[in-house]
1. Of the residues 197, 187, which is within 17 Å of the chain's Cα centre (by Cα), outside any helix (DSSP H, G or I) and either free of Cβ contacts under 8 Å to residues at least 24 places away in the same chain or in the same structural domain as residue 73 (by TED's automatic domain parsing) (or both)?
2. Give the residues of segment 175-202 that are surrounded by fewer than 20 Cβ atoms within 10 Å (Cβ to Cβ), out of contact with any helix residue (DSSP H, G or I) (no Cβ under 6 Å at 6 or more places or on another chain) and within 13 Å of residue 225 (Cα to Cα), sorted by residue number.
3. Quick check, is residue 108 outside any helix (DSSP H, G or I), surrounded by fewer than 18 Cβ atoms within 10 Å (Cβ to Cβ) and over 19 Å from the mean Cα position of the chain (by Cα)?
4. Determine, yes or no, whether residue 213 is free of Cβ contacts under 8 Å to residues at least 40 places away in the same chain, in the same structural domain as residue 117 (by TED's automatic domain parsing) and more than 19 Å from residue 131 (Cβ to Cβ).
5. Can you tell me how many residues within segment 137-173 are part of a loop (DSSP other than H, G, I, E, B) and either surrounded by 12 or more Cβ atoms within 10 Å (Cβ to Cβ) or on the phi > 0 side of the Ramachandran plot (or both)?
6. If I filter segment 219-229 for residues that are within 22 Å of the chain's Cα centre (by Cα), in a strand (DSSP E or B) and either modelled with pLDDT under 95 or closer than 26 Å to residue 103 by Cβ (or both), do I get at least one hit?
7. Take residue 91 and decide whether it is in contact with a strand residue (DSSP E or B) (Cβ under 9 Å, 6 or more places away or on another chain) and in a helix (DSSP H, G or I).
């Protein structure tokens, strides 16, 4: 009865890890030979790990990754992909986040850029670091809303505090003036202090022209390239191929939909 009362009190204090450890000790005989200090140390250690697991889950949820289940352990390192698996693992296990480095991942559509970027960001979350996923083509609209409701300054400060910023599909859509300036602010806040991952179909050499304004392009690229790691993915698309008949049907449906919209 006394132990049940104690367990209930621990649950009220939200010490779930300690509760689990005590219940395991009570149900098994392995811990009977341990001293009080040893048993207490095991209970505290279990609570610490439990809280760490909860924090990592919360970080991963807040990151809003496109592929939240992506893991560096599952990276396809077959020959011809443009990188060595050992090199990638060394990078993931290094201090690239603490050093505020940029990881620039380029390659054709379907080469696995977004998945790989999410795997790196997810691993950072597993190490207790915060991350945020943003699709660059959607930035313009999202930033307009933030400016309109007065939330841009607070949002920008939150992004600046995030350990890893993942900008997916960089260079996929043209930049307008306000978005270009806001992007410069985001990159400038992070230069040398916070890590950034960028995925793009465009080779890095074409980014200056895509950004558009020469002065801002120089500033953005200077900050990104000064401390960066590049991964140029190669090989065939990793996406499953659909039957040709399905593709043809989808294309016909798309054209029909486009025609209907034109007549509306």
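1. Numbers: 187 fails: outside any helix (DSSP H, G or I).
Only one candidate qualifies: 197.
2. If the condition is that a residue be surrounded by fewer than 20 Cβ atoms within 10 Å (Cβ to Cβ), out of contact with any helix residue (DSSP H, G or I) (no Cβ under 6 Å at 6 or more places or on another chain) and within 13 Å of residue 225 (Cα to Cα), then 188, 192 are the ones that fit.
3. Yes; evaluated as a whole, the condition is true for this residue.
4. Numbers: free of Cβ contacts under 8 Å to residues at least 40 places away in the same chain: yes; in the same structural domain as residue 117 (by TED's automatic domain parsing): yes; more than 19 Å from residue 131 (Cβ to Cβ): yes.
The answer is yes for residue 213.
5. Selection size over segment 137-173: 7.
6. Yes, the conditions are met somewhere in segment 219-229.
7. So residue 91 fits the description; yes.
The values are calculated or read from the model by the stated rules, or taken from the named source; none is laboratory data. Please read these numbers as outputs of a predicted model, since none were measured by experiment. Every residue, glycine as well, gets a Cβ built from its backbone with ideal geometry; the counts of neighbours run over all protein chains shown.
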